[in-house]
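> So that we are looking at the same thing, I have put the structure below in structure tokens.
The values are calculated or read from the model by the stated rules, or taken from the named source; none is laboratory data. Remember, it's a predicted structure, so these values are computed and weren't measured experimentally. We place every Cβ from the backbone using ideal geometry, glycine too, and count neighbours over all the protein chains shown. Just so you know, the surface numbers come from the protein's heavy atoms only, side chains and all, with ligands and any DNA or RNA stripped out. Shrake-Rupley method; radii C 1.70, N 1.55, O 1.52, S 1.80 Å.
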Amino acid sequence: MTAQPTAVITGAARGIGAAVVRRLRADGWNIVAVDLCDDDPAVPYPLGTADELRTLAEDSDGITALTGDVRERAVLDTAVQQALDQHGRLDAAIGAAAVILGGRPLWETTDEQWNALFDIDVRGLLNLARAAVPAMLPARQGRFVALASAAAHHGLWHLGAYCAAKHAVLGLVRGLAADLKGSGVSAVAVSPGSTRTDMLRETAALYQLDDVQSLGAHQLVDRLLEPEEVAAAVAWASSPDASAFNGTVLHADGGFTG
């Protein structure tokens with residue numbers, strides 16, 4: 001068994017999830033990296049791939065790749081059990097698995113879009129909490145970190161259902177933190193702004209923009225964020241240094257103004 005901290009990270013194949021895996025591994029963490037690694041009929045753009053997840057795991061012997069859908073509770077149970085079996089501990093559960101859907105007014109949102117957003121972006125976090133929190137409670141320490149979004153705090157044009165799902169992420173985190181009172185385990189959210197990822201390219205497409213760069217103008221830093229910048233915030237939120245940070249949100253959004 002190892003004294004190195006261990007995390008389960010979902011949505012790990014690419015984007016912010018992959019950046020979090022690399023950042024925590026560089027900080028000495030062991031990682032169980034989970035991703036669907038397949039496309040979804042409800043999502044009209046390509047998702048992360050098995051090759052991306054495999055390449056990520058091959059970068060370091062401290063990363064274990066697990067292919068699976070966060071909508072299936074058994075996948076997260078397996079991920080947590082792998083962390084315990086291989087490393088003897090679980091110190092953080094980080095939920096980065098998400099999709100973005102929209103491009104029309106809220107009242108024209110289809111049931112398929114609504115269900116996909118809430119099943120992946122919200123139920124996926126619930127399943128992660130169900131699997132990971134009981135594994136962290138005996139040690140009386142641990143971090144549950146959910147990736148929310150600037151969209152949880154602003155109404156965004158033609159992204160009403162996505163805004164609702166990400167607002168639900170905040171409610172989940174705050175309710176979980178209340179339930180964890182006095183346990184030594186904390187629950188927090190990190191809300192990124194416009195970050196240079198495949199998902200942001202899909203956001204630009206929904207807005208019929210040819211260039212994602214213009215989305216950076218909505219942030220006071222006047223540029224897009226890089227995934228590594230958000231990963232740094234997630235890494236801090238996952239660390240013992242974040243002991244006073246609980247039931248709230250870290251805005252890693254470059255000063256997003258909507």
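> Looking only at region 236-255, count how many residues are open to solvent by 20 Å² or more (accessible area, probe 1.4 Å), within 15 Å of the chain's Cα centre (by Cα) and more than 22 Å from H154 (Cα to Cα).
Total meeting the criteria: 1.
> Here is a list: V80, V99, V43. Which entry is under 14 Å from the mean Cα position of the chain (by Cα) and either within 27 Å of E202 (Cβ to Cβ) or crowded, with 17+ Cβ neighbours inside 10 Å (or both)?
Details: V80 fails: under 14 Å from the mean Cα position of the chain (by Cα); V43 fails: under 14 Å from the mean Cα position of the chain (by Cα).
Unique residue meeting the criteria: V99.
> Same structure, new question: Can you tell me which of A217, A189 is among the small types (G, A, S) and assigned to a helix (DSSP H, G or I)?
A217
> If a residue has to be farther than 17 Å from A151 by Cβ and surrounded by fewer than 20 Cβ atoms within 10 Å (Cβ to Cβ) to count, how many in region 178-213 make the cut?
Summing the residues that are farther than 17 Å from A151 by Cβ and surrounded by fewer than 20 Cβ atoms within 10 Å (Cβ to Cβ) in region 178-213 gives 10.
> Tell me which residues, restricted to region 72-108, are in a helix (DSSP H, G or I), in contact with a helix residue (DSSP H, G or I) (Cβ under 6 Å, 6 or more places away or on another chain) and among the aliphatic types (A, V, I, L, M).
L76, V80, L106
> Further question: What is the one condition in (1) closer than 23 Å to S149 by Cβ; (2) touching a helix residue (DSSP H, G or I) at 6+ places or on another chain (Cβ under 8 Å) that Q4 does not satisfy?
Condition (1) is where Q4 drops out.
> Could you tell me whether D35 is of a type in the set (D, E, K, R) and open to solvent by 40 Å² or more (accessible area, probe 1.4 Å)?
The answer is no for D35.
> Then there's this: Among the residues of region 5-17, is any among the β-branched types (V, I, T), crowded, with 16+ Cβ neighbours inside 10 Å and free of Cβ contacts under 8 Å to residues at least 40 places away in the same chain?
No; the residues of region 5-17 include none that is among the β-branched types (V, I, T), crowded, with 16+ Cβ neighbours inside 10 Å and free of Cβ contacts under 8 Å to residues at least 40 places away in the same chain.
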